[in-house]
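The values are calculated or read from the model by the stated rules, or taken from the named source; none is laboratory data. Computed from a predicted model, the values in this text were never measured in an experiment. Cβ placement follows ideal geometry from the backbone for every residue including glycine, while neighbour counts extend to all protein chains displayed. Areas reflect the complete protein model, heavy atoms only, side chains present, ligands, DNA and RNA absent. Shrake-Rupley method; radii C 1.70, N 1.55, O 1.52, S 1.80 Å.
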Amino acid sequence: MTAGHHPLDLVLVWHFHQPDYRDLATGEFRLPWTYLHALKDYSDMAWHLEQHPQVRAVVNFVPVLVDQLEDYVRQFDSGELRDPLLRLLVRPSATPLTVSERATILERCFHANHQHMIRPFAAYRGLHELFDLASNQGSDSLAYLSDQYLYDLVTWYHLAWTGETVRRGSELVTRLMSAGRRFSDDDRRAFGALIGEVMRGIVPRYRRLAERGQIELSATPHHHPLAPLLIDFASARDAEPQAALPRAAAYPGGAERVAFHIDSAIAAHAQRFGARPHGMWPAEGAVSAPLLRLYGERGLAWIASGERVLARSVARARGAAPPREEYLYRPWRTPDVAPELVCFFRDDRLSDLIGFEYKSWDGRDAAANFVAELERIATQGAAKGGARPLVSAILDGENAWEWYAYNGYYFLDALYSALGAHKAIRTTTYRAWLEAHRRRGASRAPVDALPAIAAGSWVHGSFSTWIGSHDKNRAWDLLAAAKQCFDLVVASGRLDAERSRAAFAQLAACEASDWFWWFGDYNPPEAVASFDQLYREKLARLYALLNLPAPEELAKPISRGSGHPEAGGAMRRAS
């Protein structure tokens, strides 16, 4: 397709999110995924945009992720690291490692994609083979692994989690990877300092991209709550009428809690990026009519969700859903719910090609295939003589890349190069698209109306990933019980101002969608165990702040996973 105009608009939305991994009592990070994804993925994604200024995109930062990024920057600035793996990386070797420190390194430092992050590096692969050999001889044999082995292992773990663009631009990383073993204290300290530099640059780099108009920065309610379920558990039955619900009739004060998360996100975004967000990506693309009303009341211009939500909404309005090309590639409004709020919907197939399929392709072939898919959509749109298609590809901007060779370097470079040079495809942002229509004299963008919005998410168009099973419902019941206690204690006035602030912050962390995502036997047992424990600890901490004993149930695991590490859940939540 070589037409001189642009018969298709493309919005790429990269969603950046990690839940709060901190023990809010001590500030200690219980899991390392925030800084590891910053080192590998957020840095790489910024670099590709910087190298292709002609490409436009939306980058969605969940505020709780930025809270943690800023926390890490403060740690590096002060020299007081509150993350166990970072402390071990830069720890002087003069004092022998403790039993606990050895266990931490051995338990965590092979948590990486073996095909793309361990096997390609002979030295790292050798460390893994030695670990397997020792493990097969019995757990006692692991005690014979030297401290130097463990320091080399924690160094290689961080080298493997270093972004491809950071790796190529750092003489230090190149030297360490070439040396391969027997890293000195100075080597490890210098590497730790480099990680600090990368962390300091993440938010400023994206802010600069936004200031020059290349990206739109959007947000998500602060702690990434599954908002429709907080508002009403019964919304799960909109997509699955027979879904089992928690024993609790409702989450107490759910609508007020969702409003808090939205308002907090707007304020945090404005403080960090100089302006309130124009639009929001709801956590997990999960929507319902009451949630859209809350967004509309706050003057947000747009939200986005998944294709299946739109398909169900259109089918209800028309009796049956027409072919997807007739409704998917344009935005919609819900005049009876939030008349000024524009709703965009992602192309599930295109988004999942990047998220799941292209990982096994040659990067350049994958980029060419994606562009060909867009050309096919543009040709179909031109043939029907309708409005120019607006295609949305929305996906996690962090979790796919460890499944790609070279962290997706060749795919992203080829994709951005092709999109930037294409004569018929224009990359844009939602804000730019809406403003372009207003500049052309329209009082509002040409948007079709839906009489109602179906409740659902970007995963199967339902909420089954977060509610409906025994384990997930039990987790909701534990949260609802804690919220009831919270409300009673707060209403009593027994908490002083400092403890009250801490309790509100702790409750917000407990309301994240991520805990419910992981409960279920289809997820890997190691990941389920770590998220299960962290969730129960957060609830127990909430009770402690309320000066109440934690229920005995919180001492027992909620769920036990049995899925393979390469199952879909593990791919989507990278670790």
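Magnitude of the Cβ-charge dipole of the chain, K/R +1 and D/E -1, about the Cα centre, nearest 20 debye?
The calculated dipole for the chain is roughly 1400 debye.
Less than 17 Å apart at the alpha-carbon level, and either on another chain or at least 8 residues along: which lysines does that give for Lys40?
The qualifying lysines are Lys359.
Please give the calculated 222 nm ellipticity per residue for the chain, where each DSSP H segment of at least 4 residues contributes -39500 (n - 2.57) and the sum is spread over every residue; nearest 500 deg cm²/dmol?
-15000 deg cm²/dmol
Given N residues in the chain, what is its alpha carbon radius of gyration divided by 2.2 N^0.38 Å?
Relative to the 2.2 N^0.38 Å estimate, the chain comes out at 0.98.
Ratio of Rg to Rh for the range 166-227, alpha carbon only, Kirkwood?
Taking Rg over the Kirkwood Rh, I get 1.19.
To make sure I understand the rule: partners must be lysines, Cα under 19 Å from the Cα of Lys538, and not fewer than 8 residues away in the same chain. Which ones qualify?
Lys472, Lys483, Lys556
Counting only heavy atoms of protein chains, what accessible area per residue, in Å², does the range 39-101 have with a probe of 1.4 Å?
Spelled out: the 1.4 Å probe surface of the range 39-101, per residue, equals 35 Å².
Among His269, Gly285, Ala248, whose Cα lies farthest out toward the positive end of the dipole of the range 232-285, if unit charges sit on the beta carbon of Lys, Arg (+1) and Asp, Glu (-1)?
Of the candidates, His269 comes out farthest on the positive side.
Need one word for the range 38-141: rounded, prolate or oblate. Basis is the Cα gyration tensor (sqrt eigenvalues a ≥ b ≥ c); a/c below 1.5 gives rounded, then a/b vs b/c decides.
It comes out oblate by the Cα gyration axes.
In Å², what does the accessible area per residue of the range 102-201 work out to with a 1.4 Å probe?
Value for the range 102-201: 46 Å² per residue.
In whole percent, and with a 1.4 Å probe on the protein chains, what portion of the accessible area of the chain is carbon and sulfur?
Result for the chain: 51 percent of the exposed heavy-atom area is carbon or sulfur.
Let me check I've understood the local charge: for His470, count other residues with C-beta under 15 angstrom from its C-beta, Lys and Arg +1, Asp and Glu -1. What total comes out?
0
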